[in-house]
Amino acid sequence: MIKLFRNIRKNLLLENRTSKYFKYAIGEIILVVVGILIALQINNWNENIKLEQQERSYYCKINEDLSSDLINLERSKESLEKRIVVLDRFLINLLKIQDDKSVLLNDYLAAVRSYHFIPSKAAIIDITSSGKLENLKNQELKNSILNYYSELDNGLQIIEANVNLLIRESEYSNNTDFGLQEVPFYKNVYSKELQSLLKSVEWQKDSNHPIFVEFKNQMNLAIIICEREKQLIENIKESVQTLIQKIEPFCL
């Protein structure tokens, strides 16, 4: 093609047809400019396609994280519900005054433990830390995503504060007198000789004993905190479901 244009220009000059040569030269320049513009347009089009694909990929990754969160939220809720049942039983057995401490110790770990929800945030962390947040062009959807993660962090902070409150309420307990070494899960860790030396007290028989009072208050507070956490988990779950419904059409 270049050789053809060169021959045309050469022939025009040899024929001394200067005016036509200039017209041709201008036409050739226009043609080159048009070609450059078309190439730029194609390049921009390809870049836009890449950005759209990347944006769709981000939505899909966020959606995957949210779907994983739904499973973990449900697991956390079920764990809290089971813990509340155990706490209820623990308090009832405690207040009935037990001759056999093992009735309480058998429920102790289940009463103080539950599954804690940890969100999957790999996608949003990757997007924000890499400066790619601007690639999410749908402003309404982007705001929904950012608002969700902001509310999520607030909810998790409340849960953490409540858990820390419960820990502070129990950090002065005398674990040896309580009989932590007699809890079935831990019992096998101790040798028989050490078990015989680490004697607990019969606090469960005296409703005025400091350990009795402490654990009564702790377990009572734990029920309230578990119920509050369950409500927060349910709120987060509803937010996740709403956000998934918004994202899914952009992830097809």
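This table checks each residue for (1) of a type outside the set (Asp, Glu); (2) farther than 22 Å from Arg56 by Cα; (3) touching an Asp or Glu at 6+ places or on another chain (Cβ under 8 Å).
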residue: Ile167; (1), (2), (3): yes, yes, no
residue: Asp177; (1), (2), (3): no, yes, no
residue: Ser191; (1), (2), (3): yes, yes, no
residue: Glu202; (1), (2), (3): no, yes, no
residue: Ser207; (1), (2), (3): yes, yes, no
residue: Gln218; (1), (2), (3): yes, yes, yes
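Would you point out the residue of region 50-62, among those that are among the hydroxyl-bearing types (Ser, Thr, Tyr) and touching a residue at least 12 places away in the same chain (Cβ under 8 Å), that is nearest to Leu133 (Cα to Cα)?
Tyr58
Tell me, yes or no, whether region 213-223 has at least one residue that is in a helix (DSSP H, G or I) and farther than 28 Å from Leu95 by Cβ.
No: zero hits.
For region 185-231, enumerate the residues that are surrounded by fewer than 17 Cβ atoms within 10 Å (Cβ to Cβ) and among the charged types (D, E, K, R).
Lys187, Lys192, Glu193, Lys199, Glu202, Lys205, Asp206, Lys216, Glu227, Arg228
Six or more apart or on different chains, Cβ under 8 Å: which pairs go from a residue in region 217-244 that's within 15 Å of Glu78 (Cα to Cα) to one that's among the charged types (D, E, K, R) and crowded, with 16+ Cβ neighbours inside 10 Å? Could you list them?
Close Cβ pairs (under 8 Å, with a partner that is among the charged types (D, E, K, R) and crowded, with 16+ Cβ neighbours inside 10 Å) amount to Cys226/Arg83; Lys230/Lys77; Ile233/Lys77; Glu234/Lys77; Ile236/Asp69; Lys237/Lys77.
For residues that are assigned to a loop (DSSP other than H, G, I, E, B) and at pLDDT below 90, scanning just region 117-150, find the one that is surrounded by the most Cβ atoms within 10 Å (Cβ to Cβ).
Residues of region 117-150 that are assigned to a loop (DSSP other than H, G, I, E, B), as a first pass: 117-121, 130-132, 136-138.
From what is left, the residues that are at pLDDT below 90 are 130-132, 136-138.
Values: Ser130: 9, Gly131: 8, Lys132: 14, Leu136: 19, Lys137: 10, Asn138: 14.
By that ranking, first place goes to Leu136.
Kindly indicate whether any position in region 86-101 is over 20 Å from Pro119 (Cβ atoms), at pLDDT 90 or above, acidic (Asp, Glu) and not in a helix (DSSP H, G or I).
Yes, that holds for at least one residue.
Could you tell me whether Asp153 is out of contact with any Phe, Trp or Tyr (no Cβ under 7 Å at 6 or more places or on another chain), closer than 27 Å to Phe215 by Cα, surrounded by fewer than 17 Cβ atoms within 10 Å (Cβ to Cβ) and among the acidic types (Asp, Glu)?
no
For region 86-113, enumerate the residues that are closer than 30 Å to Lys237 by Cα and either touching a Gly at 6+ places or on another chain (Cβ under 7 Å) or surrounded by fewer than 13 Cβ atoms within 10 Å (Cβ to Cβ) (or both).
Matches in region 86-113: Arg113 only.
So which of Asp69, Asp65, Asp107 ends up being within 21 Å of Pro210 (Cβ to Cβ) and either in contact (Cβ under 8 Å) with a residue 12 or more places away in the chain or part of a loop (DSSP other than H, G, I, E, B) (or both)?
Being within 21 Å of Pro210 (Cβ to Cβ) and either in contact (Cβ under 8 Å) with a residue 12 or more places away in the chain or part of a loop (DSSP other than H, G, I, E, B) (or both) holds for just one of Asp69, Asp65, Asp107, which is Asp107.
The values are calculated or read from the model by the stated rules, or taken from the named source; none is laboratory data. Everything quoted here is computed from the prediction, not taken from an experiment. A quick note on method: Cβ atoms are made from the backbone with ideal geometry, for glycine too, and the neighbour counts reach across all protein chains shown.
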